[in-house]
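Undergrad: My structure is below; once you've seen it, I'll send some questions.
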Amino acid sequence: MSLAHAFDHQLGLPSIPDVTPVVFVIDEDIFVRTSLQMSIQREGWLAETFASGPEFLARPRPLVPSCLILDLSRTDRNGLELQKQLARERADMPIIAISGFKDIPTTVQAMKAGAADFLVKPFKNDVLVEAVRECLERSRVALERETEIRNIASCYSFLTPRERQVMALVVSGLLNKQVGGELGISEVTVKAHRGQVMQKMKANSLADLVKMAAKLRPSRHALHLV
């Protein structure tokens, strides 16, 4: 059981279920969309196709491993500009850019714009499948990391203001006596707060607590550990 799933089990929160990944396709050409959809479904993945970027962006963000196949040469606007917008608005979703033009500058620009891979048509089906498989794995790892941070943040939300202060000082390396000196409380009181922190955070050791604090700091949750 992964750390993220362990937290989900302890907290009663929903974990990332073992669901079928989704592969999205954006292409104006219905024949291209149909062909790609068939290739995707043969691998056991779900496929959703769209004729335009706005149509795709209107679809809520999926909470399952997913990736996007974007045809840069067949869009209703500049393909690279659309890719940049998608990279901004769906930053967590790997993009596989495909094109019928073997244009090195375009390839470089696509990769700089955030494409996980760039395939030039015609390409073999197994090449596309492997690219999709790698992107779906990347998406799965990102979702597990996000779930883990969310679950740690949920634990953190149950700490009292004093417990948060104690946690911040403990993970910084201070001993109980030093923490007490910083906060103006007794060492016995520090031990009591520390015990509550360990229990509420579901931490088995100080090392676990330090790792949790490190994962919370760069997150978007407004966590003030200091």
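Read-outs: derived from the displayed coordinates by stated rules, not from any lab. Please read all numbers here as calculations on a predicted model, not as lab measurements. Every residue, glycine among them, receives a Cβ derived from its backbone with ideal geometry; neighbour counts consider all protein chains shown.
Undergrad: Pull up all non-local amide H partners of G100: gap of 5 or more, or a different chain, and H-to-H distance under 5 Å with H placed in the peptide plane.
TA: Amide H neighbours of G100: S73, K121.
Undergrad: Taking the Cα atoms of the stretch 157-216 alone, what are Rg (to one decimal) and Dmax (as a whole number) in Å?
TA: 10.4, 29
Undergrad: Ok, one more. For the stretch 144-158, just list the computed ³J(HN,Hα) in residue order, Karplus coefficients 6.51, -1.76 and 1.60, θ = phi - 60°, integers in Hz, with x standing in for Gly and Pro.
TA: Working through the residues one at a time gives 5, 5, 5, 5, 4, 5, 4, 6, 5, 5, 5, 4, 4, 5, 8 Hz.
Undergrad: Considering only the other residues whose Cβ falls under 14 Å of the Cβ of E134, what net charge follows from Lys and Arg at +1 and Asp and Glu at -1?
TA: Neighbourhood net charge equals -2.
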